[in-house]
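The values are calculated or read from the model by the stated rules, or taken from the named source; none is laboratory data. Worth saying up front: this structure is predicted, and the values here are computed from it rather than measured. Counting neighbours? That spans all protein chains shown, and the Cβs are built from the backbone with ideal geometry, glycine included.
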Ligand code: SF4
């Protein structure tokens, strides 16, 4: 009788074992889940819950599911259904606590090991469109109506939280071959102004001038004085821009984060010091720069680290050298979370409470207000001198932190354009006066 029961459960477990995330687990956790399942006759739902938590523990470098179960089991005298509920409950509470509390990054200088390998470059020359609207914009958030040009698809820098990895899989970066022709064919309304960026489907500078993509964009900006064109990067790859004739309607922005976060979640990007120094060099060459504090992350020590970073930034640049500064935080679409778990990358990026944020997943509203307020308040001396905005946030965040919000996205778009254009104007007047 006991044998039949065992065989029955084995069959049930075999059908569960096809669960994709179970297959992705390393052997030790897979075996532990199987043993626990057999011993306590876990239901399909319980096996799934245990597997999801097991995968998170592996990704977050926490004690494995097997060890946690054994430790809990030791403190309970019996091994019946009641014990099962108690142990599952304790492990769930532990998992929840890890998500609720600020993420703990090891600051002993040890970087995480990244499984992701460098990506191969390939050239694309099809009839795909390169011009569009910002792919992560949403009607539910206050948005700046950013237009994008996809000069390449895919990114080799390997940030753990980046949605580009979800959009373009396959381990390659596809670089446009005939970008100049495609940009020349874009029909812009000459009576309208546009803020266009090329850093949404790839890093704007990491590939340099591969296939002439930077030359094509410089020409595009030169031929369309009614646009402001933004290169967004986490690289230090400014060599090409330093020797090129950069039209006055181009500016370059860096995503910034404290080095501790970069070490753990932004695999192959430039260090914070390299990013700041690269921005400094471009500012010295008369090119306007911008900064994106995106994502601002809630981890142990975040407040002191962001405070130091903002202070350093304000000490290194003058307000007339900076076109804009944006704030944003971790925001995931559900397929991105699935893809991250599937890749079981060693990363604590999903160690956060999953609160609904306009249909996406982010921190709870109170956490957002807290982290944004600290960064915003540290920028106090620059409040009236630089254009600040939120990316992908709703009205409630704007009003609570900035004390204001735009009526419409068009108003937001206009204000951003005018502010950056003013700074570009100041920069070019300064350059002319230096030449004379
Ligand atoms: S606010 Fe952010 S998400 Fe919205 S359009 Fe602008 S860049 Fe895109």
Residue match in the range 336-344 (condition: assigned by TED's automatic domain parsing to the domain that holds residue 163 and within 30 Å of residue 225 (Cα to Cα))
no
Answer residue from the range 311-335, given it is touching a residue at least 60 places away in the same chain (Cβ under 8 Å) and surrounded by fewer than 20 Cβ atoms within 10 Å (Cβ to Cβ) and is farthest from residue 276 (Cα to Cα) among those:
335
Out of all the residues in the range 384-403, which are under 20 Å from residue 195 (Cβ atoms) and without any contact (Cβ under 8 Å) to a residue 60 or more places away in the chain?
402
Flagged in the range 31-66 as in a loop (DSSP other than H, G, I, E, B) and more than 28 Å from the chain's Cα centre (by Cα), in numbering order, are 41, 42, 43
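Quick grid of which residues meet (1) under 24 Å from residue 261 (Cβ atoms); (2) in the same structural domain as residue 37 (by TED's automatic domain parsing); (3) surrounded by 16 or more Cβ atoms within 10 Å (Cβ to Cβ):
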{"position": "50", "(1), (2), (3)": "no, yes, yes"}
{"position": "57", "(1), (2), (3)": "yes, yes, yes"}
{"position": "63", "(1), (2), (3)": "yes, yes, no"}
{"position": "67", "(1), (2), (3)": "no, yes, no"}
{"position": "70", "(1), (2), (3)": "no, yes, no"}
{"position": "81", "(1), (2), (3)": "no, yes, no"}
{"position": "84", "(1), (2), (3)": "no, yes, yes"}
{"position": "93", "(1), (2), (3)": "no, yes, no"}
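Yes/no per residue for (1) closer than 23 Å to residue 240 by Cα; (2) more than 21 Å from the chain's Cα centre (by Cα):
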{"position": "163", "(1), (2)": "no, no"}
{"position": "175", "(1), (2)": "yes, yes"}
{"position": "178", "(1), (2)": "yes, yes"}
{"position": "197", "(1), (2)": "yes, no"}
{"position": "202", "(1), (2)": "yes, no"}
{"position": "206", "(1), (2)": "yes, no"}
{"position": "211", "(1), (2)": "yes, yes"}
{"position": "224", "(1), (2)": "yes, yes"}
{"position": "228", "(1), (2)": "yes, yes"}
Quick one: which of 412, 372, 417 is within 16 Å of the ligand (Cβ to nearest atom), in a helix (DSSP H, G or I) and either touching a helix residue (DSSP H, G or I) at 6+ places or on another chain (Cβ under 6 Å) or not assigned by TED's automatic domain parsing to the domain that holds residue 305 (or both)?
372
Filtered residue count, the range 285-310, keeping only those that are under 13 Å from residue 257 (Cβ atoms) and touching a residue at least 40 places away in the same chain (Cβ under 8 Å):
15
Pick out the one residue from 159, 143 that is assigned by TED's automatic domain parsing to the domain that holds residue 265, under 28 Å from residue 264 (Cα atoms) and under 19 Å from the mean Cα position of the chain (by Cα).
159
Which number in (1) out of contact with any helix residue (DSSP H, G or I) (no Cβ under 8 Å at 6 or more places or on another chain); (2) buried (at least 20 other Cβ atoms within 10 Å of the Cβ) marks the one condition that residue 171 misses?
(2)
